[in-house]
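Q: Dropping a structure here in structure tokens format, bear with me for questions.
The values are calculated or read from the model by the stated rules, or taken from the named source; none is laboratory data. All values reported here derive from a predicted model rather than from experimental measurement. Here Cβ is always computed from backbone atoms with ideal geometry, including for glycine, and neighbour counts include all displayed protein chains. What goes into the accessible areas is simple: the full protein's heavy atoms, side chains included, and nothing from ligands, DNA or RNA. Shrake-Rupley method; radii C 1.70, N 1.55, O 1.52, S 1.80 Å.
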Amino acid sequence: MKILVTGAAGFIGMHCAKILLDRGDQVIGVDNLNDYYDVGLKEARLYQLTSHENYKYYKCGIEDRDALAAIFSQEKPDRVIHLAAQAGVRYSSSNPHAYIDANVMGFTNILEGCRHNGIGHLVYASSSSVYGGNTSMPFSEHDNVDHPISLYAATKKANELMAHTYSHLYGLPTTGLRFFTVYGPWGRPDMALFLFAKAILKGEAIPVFNNGQMVRDFTYIDDIVEGVIGVLDKPATPNADFDPNVPDPATSAAPYRVFNIGNGSPVPLMDYIGALEQALGIKAIKEFLPMQPGDVPATSADTRELGAWVGFQPNTPVTDGVAKFVEWYRGFYDV
């Protein structure tokens, strides 16, 4: 198959593209290499893909309607993995327009590209942040998610609604994936594990929000990729049992699905830090701080629907995943 992967220079995008290439697919990578974080890291990720003869890259932002439409028209991909987005919960408080441009306008351009080019399946990144103020654990796709507490989360919820509209109107199979705190080699520098490792190695204090009283469903990158590819290979179908009188947010009478991808074993933040300290062989200096606006104290993924759909549920222990990240980090940065 020919797969269009947006955000190909990103953390998840690079890993997905590599697996697709290794199994023999053609990959069309799209990324604008913006400077939200270190462009050098993004270029290094892209370098992991360029040696494959079945890889083709376009430097393009998804906000660029005409350029993206031209890529769709020229390349005619069979399916799309859409991972490009403006990421970050906290950054959305100070730069709201970046989220509307990329996550709403950009997603509209992706949907239109799929609609007009007969795409067989659109798999797109949603986020665990859509659960917002929900306190019922674990988070289930069947829960109502109408109370986001950050603009980032609101744009991801909007993506799910927009995708459903195109599934309903045009029969476009769409699957949204709610990622839960992804970590691992080649990760994003704005994420906690990356920031903590850098600070600890420099002997600097690490910020520990909510005084350490945080729990996250940390999910290792290899598990995420296996879930994404598994879902890509099984397009969404209409739910024959869908009841419009009692609508299920996770399914539809249209070819539309939403899945959690999380480890399913939430870990206290202090244990996560402990795993990093063990892997580095250094004790962290901790600065305990209050909760950040737009953040939530806990996340926990119910992954039964994903398991039933593709026969896989993430399961990498945090101690193993963190150790692999540290091995990569030390090698990549020579520290």
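Q: Mean residue ellipticity at 222 nm from the helices of the chain, using -39,500 (n - 2.57) per DSSP H segment of n ≥ 4 over the full residue count, to the nearest 500 deg cm²/dmol? Intermediate values should be presented prior to the final figure.
A: On the way: 12 runs with 129 residues, N = 335.
Dividing the helical sum by the residues of the chain leaves -11500 deg cm²/dmol.
Q: Next question, about the same structure. Please state the equivalent ellipsoid semi-axes for segment 74-191: what are the square roots of 5 times the Cα gyration tensor eigenvalues, largest first, in whole Å? Don't jump to the answer; show the numbers that get you there.
A: Values: eigenvalues 116, 59, 41 Å².
Working through the eigenvalues yields semi-axes of 24, 17, 14 Å.
Q: Can you pull the one-decimal nm distance between simple spin-label points at GLU43 and SER94, each 7 Å off the Cα toward Cβ?
A: So the two model labels end up 2.5 nm from each other.
Q: In addition: Ratio to report: Rg/Rh of segment 8-116, with Cα atoms as the point set and Rh obtained by the Kirkwood method; give two decimals.
A: Values: Rg = 13.9 Å, Rh = 14.5 Å.
In segment 8-116, Rg relative to Rh is 0.96.
Q: Could you work out the mean projected area of the convex hull around the alpha carbons of segment 190-335, in square nanometres to one decimal?
A: Working: hull surface 42.6 nm².
Mean orientational projected area (segment 190-335, Cα hull): 10.6 nm².
Q: Now for a different question. Between PHE312 and GLN213, what FRET efficiency follows from the Cβ-Cβ distance if R0 is 45 Å, with the result rounded to 0.05?
A: Numbers: r = 32 Å, r/R0 = 0.70.
Result of the calculation: an efficiency of 0.90.
Q: Step through the residues of segment 222-233 one at a time and calculate ³J(HN,Hα) from phi using the Karplus curve (6.51 cos²θ - 1.76 cosθ + 1.60, θ = phi - 60°), rounding each to whole Hz and writing x for Gly and Pro.
A: Couplings: 4, 5, 4, 5, 4, x, 4, 5, x, 5, 4, 6 Hz.
Q: Beyond a 30 Å Cα-Cα separation, which of these cross-linked pairs lie in this structure: LYS42/LYS157; LYS59/LYS156; LYS157/LYS202?
A: Details: LYS42/LYS157 27 Å; LYS59/LYS156 23 Å; LYS157/LYS202 38 Å.
Exceeds cut-off: LYS157/LYS202.
Q: With every protein chain present, what is the per residue accessible area of segment 138-226 (1.4 Å probe, Å²)?
A: Details: 3230 Å² over 89 residues.
I get 36 Å² per residue for segment 138-226.
Q: So what is Rg over Rh here for segment 160-204, counting just Cα atoms and using Kirkwood for Rh? Intermediate values should be presented prior to the final figure.
A: Working: Rg = 18.3 Å, Rh = 13.6 Å.
Rounded to two decimals, Rg/Rh equals 1.35.
Q: A follow-up question, please. Between TYR99, LEU68, VAL318, whose Cα lies farthest towards the positive end of the dipole of the chain when Lys and Arg beta carbons carry +1 and Asp and Glu beta carbons carry -1, centred on the Cα centre?
A: Among TYR99, LEU68, VAL318, the one farthest towards the positive end of the dipole of the chain is LEU68.
Q: Using only Cα atoms and rounding to the nearest 10 degrees, what angle (0 to 90) does helix 269-280 make with the longest principal axis of the chain?
A: Taking Cα atoms only, the helix is inclined about 70 degrees.
Q: Order of 261-270, 64-73, 77-86 by packing, highest average Cβ count within 10 Å first? The partial results should precede the final answer.
A: Working: 261-270: 20.8, 64-73: 16.1, 77-86: 24.2.
Taking the mean over residues of other Cβ atoms within 10 Å, the ranking is 77-86, 261-270, 64-73.
Q: Would you mind giving the three semi-axes, in whole Å and largest first, of the ellipsoid equivalent to segment 229-295 according to its Cα gyration tensor?
A: Working: eigenvalues 346, 61, 16 Å².
After diagonalising the Cα gyration tensor, the semi-axes are 42, 17, 9 Å.
Q: Also, I was wondering about something else. Considering Cα pairs under 8 angstrom that are at least six residues apart, work out the relative contact order of segment 27-104 and quote it in whole percent.
A: On the way: 53 pairs, mean separation 23.4, N = 78.
It comes to 30 percent, rounded to a whole number.
Q: Separate question: Under 5 Å between amide H atoms, partner at least 5 residues away or on a different chain: which partners does GLY29 have, H built in plane at 1.01 Å?
A: VAL5, LYS56, TYR57, TYR58
Q: Ok, one more. What is the dipole size for the chain, taken about its Cα centre, with +1 at each Lys and Arg Cβ and -1 at each Asp and Glu Cβ, in debye to the nearest 20?
A: Numbers: 26 positive and 37 negative charges, 77 e Å.
I would put it at about 360 debye.
Q: Highest first, please rank the peptides 290-302, 129-141, 39-51 by the mean number of other Cβ atoms sitting within 10 Å of their residues.
A: 129-141, 290-302, 39-51
Q: Let me see the P(r) profile for the chain: every Cα-Cα distance counted, bins of 10 Å, each bin given as a percent of all pairs.
A: Calculated over all Cα pairs of the chain, the distribution is 6, 26, 36, 24, 7, 1 percent.
Q: Okay, next question. Given contacts defined as C-alpha pairs under 8 Å and at least six residues apart, what's the relative contact order of segment 195-263, whole-number percent? Let's see the in-between values first.
A: Details: 44 pairs, mean separation 20.1, N = 69.
Normalised by residue count, the contact order of segment 195-263 is 29 percent.
Q: Let me ask you something else. Leaving out ligands, DNA and RNA, and with a 1.4 Å probe, what % of the accessible surface on the chain is carbon or sulfur?
A: On the way: 7270 of 14050 Å².
Ligands and nucleic acids excluded, carbon and sulfur give 52 percent.
Q: For a quick check: with amide H placed at 1.01 Å from N, whose amide H comes under 5 Å from PHE139's, ignoring anything fewer than 5 positions away on the same chain?
A: Here SER300, ALA301, ASP302 satisfy the definition.
Q: Loop-only GluC sites (Glu not before Pro) in segment 247-306, please: DSSP not H, G, I, E or B, and at most 16 other Cβ atoms within 10 Å.
A: Details: sites: GLU277, GLU287, GLU305; in loops: none.
For GluC sites (Glu not before Pro) across segment 247-306 that sit outside H, G, I, E and B with at most 16 neighbouring Cβ atoms in 10 Å, the list is empty.
Q: Compute the relative contact order of segment 36-164 as a whole-number percentage, counting only Cα pairs closer than 8 Å that sit 6 or more residues apart in sequence. Each step should come with its number before you reach the end.
A: Numbers: 129 pairs, mean separation 33.9, N = 129.
Result for segment 36-164 is 26 percent.
Q: A further question on this structure: Please report the Cα spread of segment 41-105 along all three principal axes, rounded to whole Å, starting with the longest.
A: Per principal axis, max minus min of the Cα coordinates gives 41, 28, 18 Å.
Q: Please report the antiparallel percentage of DSSP beta bridges with both residues in the chain, rounded to the nearest 5. Intermediate results must be reported in sequence, preceding the final value.
A: Numbers: 2 of 39 bridges.
For the chain, the DSSP antiparallel bridge percentage is about 5.
Q: Amide H neighbours of ILE206 under 5 Å, counting only residues 5+ apart in sequence or on other chains, H built in-plane at 1.01 Å?
A: Excluding prolines and chain starts, which carry no amide H, the hits are ILE285, LYS286, GLU287.
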